[in-house]
Amino acid sequence: MQNEKLSAFQFFTMLFISRTLTTVTYLSSYTKDIRLSDMLVQPIFRIIIGTLIMIPVYLIYKKQNTADVLSIARSKSKIISTPIVICYVFTFFYFTVMTVARLDVFAGTVVFPETDVKFMIIFAVLLCAYGAYLGFEALGRSAVLSAILVVPVLVFIMATLTKKADLLNLTPVFYNGVMPVIKTAVDSVGQTVEYGIIAVCLPKVSGNIKKGFFVWLILQTVLMAIMFFFAATVMGNFASTQLFPFHTLSSIAEFSIFDRLDAIITSVWILCAFIKAGLLIYLQADILHRTFIKIKKEYLIVGTAIVTIIANLIISSEFSRFAFVDNSVIKIILTGVTAFVIPLGVLIFGRKGQVKKCEKQQ
Amino acid sequence: MRKATVVLVVLIIAVFGFNEKEIYKKDIRNRLVIQGIGIDLEKDDSYTVTLQTIDTNAQSATSAEGASQPPIKTYKVSGDTIYTTIKSVTEIEGKIPLYSQNRIIILGKSITEEKMDDVIDFFVRDVENSASIYIAAAENSASEILEAKNGEEYVSARSIETGIKACEYDARIFGTQLYELISRYNSGSKDFALPMLSVAEKGGKTGVEIIGTAIFNNTRFREYMSKDDTVYLNFLSDKVYNAAISFIGQNDKKISLNVVDSKTERKLKFENGKPTFKINVKIKADIAEINGGVSQTMTKEDMEKIKASAEQYIYKQITETRKLLYEQYESDACGYVRLLYILKPSFYRENEKNIDSVMRDSIYEVDIDLKIRRVGHEFIEMF
């Protein structure tokens, strides 16, 4: 499993599917200070911020493309690398829990209101753990297949909404100034754990990474902008009253005699959640296996899954707990630290010679 | 390992899967399948909710007999809030309401004149009602609509919804779905329009008739427009895809046009500090009928005359409808205040408080561009 490699196309497709889940499960409560049309402008800021925070990771990769942030930190000092490893594992754990928790909230409030969905959540996590057990390559291949299904489905749903779009539902751009827009762009970047994943996974990727990164960044931003455009022009201010606006949007979509296409978006959601949670569980087990715990990776995957299930059962029992944990500030800090702060520190203090020594030891 | 997995799965299903309460709720026989909700406000400020439901117990029997529509039952309950009122049906019937099949929400006159705010909230919070269900206003009470009988059978909410969709397709009503109503409600002006229903008696039989469009100003019902007038409200709102227009042409001949496509371009500019709305209506239509008219062979000159009189008629109707809306009803049901807000936010901000008078004094330049596509079986391009 250690030598598993993905092509840049497979890797960034996997990240695209992973980020699509965050977009589709977008919670309107994150952007209560911002007006609808501003949501269409914020992707521009998002691309700029996303590119800037990835500079340290890119420079590390350019300098030493066979070692990631963690192995360089470990080569420098085991004491310093320990909190770094904990930080990455915790971040991936947190985002795994939040991925499953959103699925839980969605299933428990929108799909099966007032129904106990613990049963479903346990199975979902076990399924994701199975995906993690199959490994990095298997997840990458599944992601490409998922993308073949997910992208046309999303395009189809948006196309059916074209006739319902009303530009009068838009709002003046920058009505409350530029700051709320920048703040929303930062929130959006904060929800993108994929930046942290890139920091630890680049040595496992072959091919043109720079091109792959920009194509990924632009495509997911374009997808987000298109989805926000339809949410804004079709639903107008109604969008802000809905817990999961994109699910509601798909329930409004209709094509010929078929209506209520929300079932389709639900399947997209589950498919993307499988890839994302599977990847995050795999990374937790992989990082722990590489650095601290010299036991079989399979056992670490099972352990991670069990802890994820326990955390979700605690959170899902009350919506207020979910609202407390699913906090944009926590996400910004975790993504900022794993994608920018740690790589920047490693870039400044890391040395090439020691990296090679570390690789030999491994 | 496999045995352990099977044991684990069985254990999980046993612990979490078989919950008696959940199973009770999932059995359709224990659910009250709602297909229409009517809400009225009583004099003591309590609500009367009328539910039109599908009788699930009787349905399988009648389906086997080949009945055209499922058996319908109606319930009328009263209470302090809409939620508790609907919930109280369970006490009568012993079934849990299921809203996912709901087709329509009908608001009684007492609600549309006084308490729209209170009613809307329930439907925003409720996750089971679809965002795309239709909302309609009743000329009198909502209960009389849902309890109307055509002979022995109730007029079903499904058929009312179908009627609304058909009228909306022909631009004869201003169809509003739940999400559109909430969007308008939250957008500031709180002006909107809803299809209006009434109970009609013809030939000793009762039926539900769609009589036109109810116009609202700041969430309150002002007046209703006939179906014929609503066509021009829809032209103003760029909501016409198909419509029938009749007018008196030259030599007093009645001419009918079948509108096959339409696009209303709305632009805003300022002249002497006054908002000037440029409304350019582009219509593509077929001549459907010339009453007491000519043979199928037509000269280009005949065509031009028909076109000119049609444009003149549509211009007059649109102008009158616009005046009615902004000068008499003070309602922005067709969204021109919204246009002002989007394109000139600073002006809107300055005049937000007296926006009704601003809209009354604004200049509206209407331009009609009609293209006649067909005169019968021949294309006009053949001339």
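Would you check if there is a residue in segment B:156-163 being modelled with pLDDT under 90 and more than 12 Å from B:Leu51 (Cα to Cα)? No, the conditions are met nowhere in segment B:156-163. Looking only at segment B:328-366, residues that are among the hydrophobic types (A, V, I, L, M, F, W, C) and assigned to a helix (DSSP H, G or I) come to 9 in all. Number of residues in segment B:84-126 that are among the hydrophobic types (A, V, I, L, M, F, W, C) and within 21 Å of the chain's Cα centre (by Cα) equals 11. Got at least one residue in segment A:136-152 being of a type in the set (S, T, N, Q) and buried (at least 17 other Cβ atoms within 10 Å of the Cβ)? Within segment A:136-152, one or more residues are of a type in the set (S, T, N, Q) and buried (at least 17 other Cβ atoms within 10 Å of the Cβ). Every condition in (1) basic (Lys, Arg); (2) over 24 Å from B:Thr85 (Cα atoms); (3) under 15 Å from the mean Cα position of the chain (by Cα) holds for B:Lys205 except the one numbered (3). Among residues of segment A:161-178 that are touching a residue at least 40 places away in the same chain (Cβ under 8 Å) and more than 7 Å from chain B (Cβ to nearest Cβ), those with a beta-carbon under 6 Å from a residue that is in a loop (DSSP other than H, G, I, E, B) and surrounded by 15 or more Cβ atoms within 10 Å (Cβ to Cβ) at least six positions away or on a different chain give the pairs A:Leu161/A:Ala253. Checking the condition away from every other protein chain (no Cβ under 14 Å), modelled with pLDDT of 90 or more and in contact with an Asp or Glu (Cβ under 7 Å, 6 or more places away or on another chain), which residue from B:Leu324, B:Leu370 passes? Testing whether each residue is away from every other protein chain (no Cβ under 14 Å), modelled with pLDDT of 90 or more and in contact with an Asp or Glu (Cβ under 7 Å, 6 or more places away or on another chain) leaves just B:Leu370.
Under the condition of being among the basic types (Lys, Arg) and free of Cβ contacts under 8 Å to residues at least 40 places away in the same chain, which residue from segment A:270-298 is nearest to A:Glu137 (Cα to Cα)?
If we take residues in segment A:270-298 being among the basic types (Lys, Arg) and free of Cβ contacts under 8 Å to residues at least 40 places away in the same chain, then A:Lys296 is nearest to A:Glu137 (Cα to Cα).
Scanning segment A:275-291 for any residue that is surrounded by fewer than 21 Cβ atoms within 10 Å (Cβ to Cβ), more than 14 Å from chain B (Cβ to nearest Cβ) and farther than 16 Å from A:Phe90 by Cα turns up nothing.
All told, B:Lys371 falls short of being among the charged types (D, E, K, R) and without any contact (Cβ under 8 Å) to a residue 24 or more places away in the chain. If you check A:Val189, A:Val234 for being within 13 Å of another protein chain (Cβ to nearest Cβ), in contact with a Lys or Arg (Cβ under 7 Å, 6 or more places away or on another chain), crowded, with 20+ Cβ neighbours inside 10 Å and assigned to a helix (DSSP H, G or I), only one passes: A:Val234.
Residue selection: B:Ala131 fails the criterion of being more than 17 Å from B:Leu194 (Cβ to Cβ) and aliphatic (A, V, I, L, M). In segment A:143-183, the residue that is farthest from A:Ser251 (Cα to Cα) out of those that are assigned to a loop (DSSP other than H, G, I, E, B) and small (Gly, Ala, Ser) is A:Gly177.
Evaluating B:Ser187 against the criteria (1) modelled with pLDDT under 90; (2) buried (at least 19 other Cβ atoms within 10 Å of the Cβ); (3) away from chain A (no Cβ under 14 Å) leaves one unmet condition, (3).
Quick one: is B:Ile318 of a type in the set (Val, Ile, Thr) and either within 14 Å of another protein chain (Cβ to nearest Cβ) or part of a helix (DSSP H, G or I) (or both)? It is true that B:Ile318 is of a type in the set (Val, Ile, Thr) and either within 14 Å of another protein chain (Cβ to nearest Cβ) or part of a helix (DSSP H, G or I) (or both).
Does A:Thr248 satisfy being crowded, with 21+ Cβ neighbours inside 10 Å and part of a loop (DSSP other than H, G, I, E, B)? The answer is no for A:Thr248.
The residue that is surrounded by the most Cβ atoms within 10 Å (Cβ to Cβ), among those in segment B:148-170 that are touching a residue at least 40 places away in the same chain (Cβ under 8 Å), away from chain A (no Cβ under 14 Å) and within 13 Å of the chain's Cα centre (by Cα), is B:Ile160. For B:Ala285, the stated conditions do not hold, so it cannot be described as within 14 Å of another protein chain (Cβ to nearest Cβ) and either buried (at least 17 other Cβ atoms within 10 Å of the Cβ) or at pLDDT 95 or above (or both). In this entry, B:Glu180 is excluded by the filter for residues that are more than 14 Å from the chain's Cα centre (by Cα) and either within 12 Å of chain A (Cβ to nearest Cβ) or free of Cβ contacts under 8 Å to residues at least 60 places away in the same chain (or both). Among the residues making up segment B:190-202, a single one is surrounded by fewer than 21 Cβ atoms within 10 Å (Cβ to Cβ) and touching a Gly at 6+ places or on another chain (Cβ under 6 Å): B:Ala200. Kindly provide the set of residues from segment A:113-147 that are basic (Lys, Arg) and within 14 Å of chain B (Cβ to nearest Cβ), ordered by number. Once the filter is applied, which keeps residues that are basic (Lys, Arg) and within 14 Å of chain B (Cβ to nearest Cβ), segment A:113-147 yields only A:Lys118.
Quick one: how many residues across segment A:254-266 are at the interface with chain B (Cβ under 10 Å from one of its Cβ atoms), closer than 22 Å to A:Leu103 by Cβ and at pLDDT 80 or above? Matching residues across segment A:254-266 total 1.
Scanning segment A:237-253 for residues that are facing chain B (nearest Cβ under 8 Å), within 16 Å of A:Ile264 (Cβ to Cβ) and not hydroxyl-bearing (Ser, Thr, Tyr) returns a single hit, A:Ile252. Residue count for segment B:321-333 under the criterion of being of a type outside the set (Ser, Thr, Tyr), touching a Lys or Arg at 6+ places or on another chain (Cβ under 8 Å) and crowded, with 20+ Cβ neighbours inside 10 Å: the result is 1. For segment A:251-281, residues that are part of a helix (DSSP H, G or I), over 20 Å from A:Ala147 (Cα atoms) and not hydrophobic (A, V, I, L, M, F, W, C) total 1.
The values are calculated or read from the model by the stated rules, or taken from the named source; none is laboratory data. Predicted model, so just to flag it, every value in this text is computed and none were measured. Quick reminder, even Gly has a Cβ in these numbers, built from the backbone with ideal geometry, and neighbours come from all protein chains shown.
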